[in-house]
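For reference, the structure discussed in these notes is given below.
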2 protein chains.
Amino acid sequence: VDVNIILFDDFETLDAFGPVEILGRIESYTLRYFSLQGGIVKSRQGLRVETVPLMKAASDGIVLLPGGQGTRMLVNEVSFLSAFTDMVQNAAYCLTVCTGSAVLAKTGLLDRRKATSNKNAFDWVKKINEKVNWQRRARWSVDGKYYTSSGVSAGMDMALGFVSDRFGREKASAIAVSIEYVWNDDQSNDLFAKTGKSDV
Amino acid sequence: VDVNIILFDDFETLDAFGPVEILGRIESYTLRYFSLQGGIVKSRQGLRVETVPLMKAASDGIVLLPGGQGTRMLVNEVSFLSAFTDMVQNAAYCLTVCTGSAVLAKTGLLDRRKATSNKNAFDWVKKINEKVNWQRRARWSVDGKYYTSSGVSAGMDMALGFVSDRFGREKASAIAVSIEYVWNDDQSNDLFAKTGKSDV
């Protein structure tokens with residue numbers, strides 16, 4: 001199974017490479033790195049990554065979309081959104097980290113579904129599409145084939161949750177131990193929710 | 001101040017990009033990515049990263065060396081070790097993650113200093129240089145300008161510890177919150193030490 005990691009300029013480095021570290025430990029998964037046009041993509045942290053054009057991705061893989069400052073542009077890029085919508089519709093699963101869920105919400109595929117996002121950018125994310133059932137308190141959310149996580153590090157907890165759902169809890173725990181990571185394993189325990197805001 | 005991240009084939013992705021996410025939030029730091037010869041370097045997780053040749057790095061920066069399977073080769077690469085030794089001697093600080101400390105130990109610069117490493121590879125690391133004061137129980141170790149961490153995720157805790165030592169605990173805590181990360185902030189509390197082995 002291909003894990004298709006979708007990158008774009010100004011993506012947040014750890015949003016992508018936290019989950020990559022975890023999903024890369026599933027023997028049957030192959031990690032592949034894409035962007036709309038292919039070529040070098042530069043992360044918010046100045047990292048330059050080589051990518052393959054999106055159109056070359058296997059259509060039945062698992063999609064992983066990080067967040068970051070670049071999503072503010074991405075939600076308005078019609079050609080990206082068109083290709084990304086096609087890809088996600090055919091994907092077995094779609095995982096987003098942080099503000100990646102804003103981009104997914106923009107496609108309409110999250111309408112009436114539960115989803116979450118970065119707690120610092122939550123109000124912006126909500127405004128992108130009010131038809132999503134946004135969860136202000138969730139380390140990560142699952143609705144059908146859609147997994148969405150809170151900010152940055154929450155992507156690792158979600159990736160372990162995804163592994164647990166597919167391969168069992170022991171496998172997820174073993175991966176956490178192998179990377180010496182303390183898994184925040186309760187998706188409903190949002191450690192960074194803004195307590196002052198109570199809608200949802 | 002330049003943070004000079006030294007990459008090599010088969011480096012462990014999160015070893016590098018966990019600390020990058022944290023150090024990238026210090027306004028006065030510039031992140032730069034190097035390898036011995038420059039060009040594309042491929043991580044263990046199939047990520048292809050563009051790098052600059054090591055000889056172009058500022059000599060007075062902060063060095064960050066990840067670990068990973070590639071360190072098994074790196075400890076025997078004379079030309080790398082020579083350039084890396086020069087770089088670290090002139091560096092303000094040197095941080096290693098996971099088996100990156102084996103490479104640093106090989107240079108001799110860690111002799112009689114406290115250091116730690118990945119708990120699964122500890123016996124291999126120790127054998128690289130027995131003159132190092134290896135700490136089997138430590139989330140991370142500090143000795144002079146040298147910071148060494150346990151496996152993979154421990155690099156993030158160490159990076160936050162480094163930020164705390166330089167800029168104060170509040171700054172480190174604020175960065176942890178901004179990336180929704182639960183900082184394991186006690187460097188002596190090794191959550192993944194092998195309890196069966198008691199030497200150090």
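The values are calculated or read from the model by the stated rules, or taken from the named source; none is laboratory data. These figures come from a predicted structure and were not determined experimentally. Cβ atoms come from the backbone with ideal geometry, glycine included; neighbour counts cover every protein chain shown. Surface areas here come from the heavy atoms of the whole protein model, side chains and all, with no ligands, DNA or RNA. Shrake-Rupley method; radii C 1.70, N 1.55, O 1.52, S 1.80 Å.
Below are the figures for this structure:
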item: Nm distances between copies for residue A:191, ranked from closest, using label points 7 Å along Cα→Cβ; result: 0.7
item: Interface residues in the stretch A:46-65 - accessible area drops by 50 Å² or more relative to the isolated chain, probe 1.4 Å; result: A:47, A:48, A:50
item: Estimated inter-spin distance, residue B:169 and residue B:59, nm [label 7 Å along Cα→Cβ]; result: 3.8 nm
item: Overall form of the stretch A:44-83 per C-alpha gyration tensor (a/c, 1.5; a/b vs b/c); result: oblate
item: Per-copy distances of the residue A:131 label point, shortest first, in nm (7 angstrom along Cα→Cβ); result: 6.9
item: Per the axis that maps chain A onto chain B, nearest residue of A (Cβ criterion) and its distance in Å; result: A:17, 2
item: In Hz, Karplus ³J(HN,Hα) per residue of the stretch A:151-162 (6.51, -1.76, 1.60; θ = phi - 60°; x = Gly, Pro); result: x, 5, 5, 4, x, 5, 5, 5, 4, 5, x, 4
item: Estimated distance in nm for a label pair at residue B:178 and residue B:194, the labels positioned 7 Å out from Cα along Cα-to-Cβ; result: 3.9 nm
item: Once exposed loop trypsin sites (Lys or Arg not before Pro) are cut out (DSSP; at most 11 other Cβ, 10 Å), longest piece of chain A; result: A:1-111
item: Peptide-level mean, for A:18-25, of C-beta atoms on other protein chains within 10 Å; result: 5
item: Residue-by-residue Karplus 3J(HN,Hα) for the stretch A:19-34, coefficients 6.51, -1.76, 1.60, Hz, glycine and proline x; result: x, 4, 4, 7, 5, x, 8, 8, 4, 7, 9, 10, 8, 9, 10, 10
item: Built amide H within the under 5 Å cut-off of residue B:119, gap 5+; result: B:151
item: Spatial separation of Cα centroids for the stretch B:121-200 and the stretch B:64-78, in angstrom; result: 19 Å
item: Fraction of antiparallel bridges per DSSP, the stretch B:1-53 only, in percent to nearest 5; result: 35 percent
item: Interchain or long-range residues, amide H under 5 Å from residue A:2's placed H; result: A:30, A:62
item: Entries in B:56/B:119; A:171/B:106; A:56/B:42; A:171/B:145; A:119/B:56; A:106/A:194 that, when Cα-Cα distance is taken, lie over 30 Å; result: B:56/B:119; A:171/B:106; A:171/B:145; A:119/B:56
item: Distant-in-sequence amide H partners of residue A:69 (H built 1.01 Å from N, under 5 Å); result: A:12
item: The stretch A:79-200: C-alpha gyration tensor shape, a/c 1.5 cut-off, then a/b vs b/c; result: oblate
item: Candidate residues A:149, B:164, B:188: accessible-area rank, largest first, probe 1.4 Å; result: B:188, B:164, A:149
item: Residue B:37-residue A:76 pseudo-label distance in nm [points 7 Å out on the Cα-to-Cβ vector]; result: 4.4 nm
item: 7 Å along Cα→Cβ, label-point gaps from residue A:178 to other copies, nm, shortest first; result: 3.3
item: Gyration tensor (alpha-carbon) shape descriptor, the stretch A:1-140, a/c threshold 1.5; result: rounded
item: Relative contact order, percent, chain A [alpha-carbon distance under 8 Å, six or more residues apart]; result: 19 percent
item: The protein assembly as shown: antiparallel DSSP beta bridges as a percent of all, rounded to 5; result: 30 percent
